[in-house]
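Q: Just dropping this structure here.
Any read-out appearing in this document is the output of simple, stated calculations on the displayed coordinates, not a laboratory observation. Keep in mind it's a predicted model, so treat the numbers as computed, not measured. All Cβ positions, glycine included, derive from the backbone under ideal geometry; neighbour counts span all protein chains shown.
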Amino acid sequence: MMDQKTTTTDPTTRDKILTAARAEFARVGRAGARIDRIAAEAGVNKAMIYYHFDSKENLHREVISDYFARIIPTVRGEMRSAGDFETVLRTLSGVYHRMFTTYPDMVAFLRRELAEPDNDAVLDHIAGFLRGGGMREMLLQLVEREITAGRIKPLPPKQILTSFIIFNAGYFMIAPLMHRAWEIDDPDAFLAERQAMLVDLFMDGIRMRGDQ
């Protein structure tokens, strides 16, 4: 027999709650979030939130799950059709760009989660999505293949990939600071400029000398 919640869940209501919760958690963090504010923003009563998610903690986890459920299949599909290593990096960089510009409140959400001192359960939950679907192994194999072929420097693959992720996602984490430090008047133009040159900058750092 199917769970009653599975058969009666209204996706529109659920999506409204998740959108409101994502904004609330991004603004004040998990501890400061209020179910009544989320309900008011979503246009539902508090009972409806507890019906769908049972608790604030479950709602918080579902915000994370919903976010990655939207982006992981896209990342996996685009990576598998990308081909060579540099094209994979360009594809992955483009996905990061779309991901953080489409869901800007997730930048603030992730900043808060990464800054929490005792947040192992949440970080494990996020890491599980990043490990899932074979993407980690796919990327490591691509790097190892490039090293074996002598096309990139023989550096630890996990260090290479960590640097690339920081190269991409790290910008969005510190963008407000950089815009002030460099007195950027047009952040969108600056981001577009960075996006166009990012993979070339990275490849210049790891490519074997003489392999242009």
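Q: Kirkwood-based Rg over Rh for the stretch 92-170 (C-alpha set), two decimals?
A: That ratio is 1.02, to two decimals.
Q: Step through the residues of the stretch 97-111 one at a time and calculate ³J(HN,Hα) from phi using the Karplus curve (6.51 cos²θ - 1.76 cosθ + 1.60, θ = phi - 60°), rounding each to whole Hz and writing x for Gly and Pro.
A: Karplus-based 3J(HN,Hα) across the stretch 97-111 equals 4, 5, 4, 7, 7, 6, 10, x, 5, 6, 5, 5, 4, 5, 4 Hz.
Q: What percent does the relative contact order of the stretch 10-147 come to when contacts are Cα pairs within less than 8 Å and at least six residues apart? Mind showing how you got there, number by number?
A: Values: 88 pairs, mean separation 37.6, N = 138.
Relative contact order, the stretch 10-147: 27 percent.
Q: Can you pull out the GluC sites (Glu not before Pro) in the stretch 126-212 that DSSP calls coil and that have at most 11 other Cβ atoms within 10 Å? Display every interim value, and only then the final one.
A: On the way: sites: 137, 144, 146, 183, 193; in loops: 183.
Listed in order of number, the matching sites are 183.
Q: Could I ask something else about it? Averaging over all projection directions, find the projected area of the Cα convex hull of the chain and quote it in nm² with one decimal place.
A: 15.0
Q: Two decimals is fine: what is log10 I(q)/I(0) at q = 0.32 Å⁻¹ for the stretch 30-76, from a Debye sum with one equal scatterer on every Cα and no solvent?
A: -1.16
Q: Could you work out [θ]222 nm for the chain from helices alone, using -39500 (n - 2.57) per DSSP H run of at least four and dividing by all its residues? Round to the nearest 500 deg cm²/dmol.
A: Value at 222 nm, helices only: -26000 deg cm²/dmol.
Q: For the pair residue 151 and residue 61, how long in nm is the line joining their label points, each one 7 Å along Cα→Cβ?
A: Distance between label points: 4.1 nm.
Q: Follow-up. Convert each backbone phi in the stretch 130-144 into a coupling constant with the Karplus relation 6.51 cos²θ - 1.76 cosθ + 1.60 (shift: θ = phi - 60°), then list the ³J(HN,Hα) values in order as whole Hz, x for Gly and Pro.
A: These are the phi-based 3J(HN,Hα) values: 5, 7, x, x, x, 5, 4, 5, 4, 5, 4, 5, 4, 5, 4 Hz.
Q: For the pair residue 76/residue 141, report the inter-label distance in nm, with labels modelled 7 Å from Cα in the Cβ direction.
A: Taking the simple label geometry, residue 76 and residue 141 are separated by 1.4 nm.
Q: Identify all aspartates and glutamates with a Cα-Cα distance to residue 153 below 13 Å; exclude those on the same chain that are fewer than 8 residues away in sequence.
A: The reachable aspartates and glutamates, counting only those whose Cα sits under 13 Å from residue 153, are 144, 204, 211.
Q: Sticking with this one: Convert each backbone phi in the stretch 22-39 into a coupling constant with the Karplus relation 6.51 cos²θ - 1.76 cosθ + 1.60 (shift: θ = phi - 60°), then list the ³J(HN,Hα) values in order as whole Hz, x for Gly and Pro.
A: Result, ordered by residue: 4, 5, 5, 5, 5, 7, 10, x, 5, 5, x, 5, 10, 4, 5, 5, 4, 4 Hz.
Q: Quick one: check the C-alpha center-to-center distance for the stretch 136-191 versus the stretch 66-122, whole angstrom.
A: Cα centres, the stretch 136-191 to the stretch 66-122: 12 Å.
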